[in-house]
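One structure is given here, and the rest of the page talks about it.
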Amino acid sequence: MLFTKRFWPGIADGSVTMTFRRWKRHQVVAGHRYRTPAGIIAVESVDVVEAGEVTDRDARQSGFSGATELLADLTGDHDLPLYRIVFHLVDEPDPRDTLAHDADLAVADVAAITRRLDRMDGAAAGGPWTRAVLETIEANPGVRAPDLAASFGRETAPFKRDVRKLKNLGLTLSLRVGYRVSPRGAAYLSALRDDGG
């Protein structure tokens, strides 16, 4: 779920527990968890409300000083339904981070990762990319995503989406600038090299 950077501290410290969005149809589901840059949130409720029902208290829980400021900040067509999403921060580590630091790979783990990467390569319009990107990140930790993307002759946004796919498998970690291969990713690449792959 997307939040602009100014809301991240409030989500992380638990002071921001609500958000409002104008959507054609709801994009999140009550009871589901979503990753944000501030941590994982669990959505408690999703309701359609009228703009006039938004209170100053709602606004403060959303990171605004009052309802007027919140409503002025909303993007999207005013004819679209207004959704109120109530959530809380999940006080658990991101499962991707836990997975990323698990470098104890059995032969079956290596084979399972290879199958996932092969599927991703097979579905890519531009051909196989997963291992080349992993190896490039390994050799260039902390390099800006636009520079890495350019080295492949790619646009930044789709390149970053692909790196997120690798992160979801626990193979990379995001740094403040750029990325690095995770302990799991390093163990995987080492296993491939040991196997002559």
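The residue list Thr130, Thr136, Thr172, Thr156 contains one member that is within 16 Å of Asp118 (Cα to Cα) and of a type in the set (S, T, N, Q), which is Thr130.
Results for (1) under 21 Å from Asp97 (Cα atoms); (2) touching a strand residue (DSSP E or B) at 6+ places or on another chain (Cβ under 7 Å); (3) in contact (Cβ under 8 Å) with a residue 60 or more places away in the chain, shown as yes or no for each residue.
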position	(1), (2), (3)
Ala125	no, no, no
Trp129	no, no, no
Ala150	no, no, no
Arg154	no, no, no
Leu173	yes, yes, yes
Pro183	yes, no, yes
Ala187	yes, no, yes
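Selection of first residues in the range 84-109 that are under 22 Å from Thr17 (Cβ atoms) and of second residues that are hydroxyl-bearing (Ser, Thr, Tyr) and surrounded by fewer than 17 Cβ atoms within 10 Å (Cβ to Cβ), restricted to Cβ pairs under 6 Å at least 6 apart or on distinct chains, gives the following pairs, ordered by first then second residue: Val86/Ser45.
Applying the criterion of being within 11 Å of Met1 (Cβ to Cβ) and not in a strand (DSSP E or B) to the residues of the range 30-49, the residue that is modelled with the highest pLDDT is His32.
Restricted to the range 32-62, and to residues there that are in contact with a Ser or Thr (Cβ under 8 Å, 6 or more places away or on another chain) and of a type in the set (S, T, N, Q), the residue that is surrounded by the most Cβ atoms within 10 Å (Cβ to Cβ) is Ser62. One residue is enough: does the range 16-31 have a residue meeting the conditions of a type in the set (Ser, Thr, Tyr), surrounded by fewer than 15 Cβ atoms within 10 Å (Cβ to Cβ), over 26 Å from Leu173 (Cα atoms) and not assigned by TED's automatic domain parsing to the domain that holds Asn168? So far as the range 16-31 goes, no, none of its residues is of a type in the set (Ser, Thr, Tyr), surrounded by fewer than 15 Cβ atoms within 10 Å (Cβ to Cβ), over 26 Å from Leu173 (Cα atoms) and not assigned by TED's automatic domain parsing to the domain that holds Asn168. Take the conditions (1) at pLDDT 95 or above; (2) under 24 Å from Arg33 (Cα atoms); (3) not assigned by TED's automatic domain parsing to the domain that holds Pro37; Ser62 misses just one of them, which is (3).
Being assigned to a loop (DSSP other than H, G, I, E, B) and buried (at least 19 other Cβ atoms within 10 Å of the Cβ) is the filter here; which residues of the range 130-177 pass it? Break it down into steps so the answer makes sense when it comes.
We begin by selecting, within the range 130-177, every residue assigned to a loop (DSSP other than H, G, I, E, B); these are 140-144, 152-155, 169-171, 175-177.
Scanning the range 130-177 gives Leu169, Gly170, Leu171.
With respect to (1) within 16 Å of the chain's Cα centre (by Cα); (2) within 23 Å of Pro9 (Cα to Cα), the lone exception for Tyr83 is condition (1). Remark: Val16 matches the filter, which requires a residue to be in a loop (DSSP other than H, G, I, E, B), within 30 Å of Pro95 (Cα to Cα) and modelled with pLDDT of 95 or more.
The values are calculated or read from the model by the stated rules, or taken from the named source; none is laboratory data. Please read all numbers here as calculations on a predicted model, not as lab measurements. Quick reminder, even Gly has a Cβ in these numbers, built from the backbone with ideal geometry, and neighbours come from all protein chains shown.
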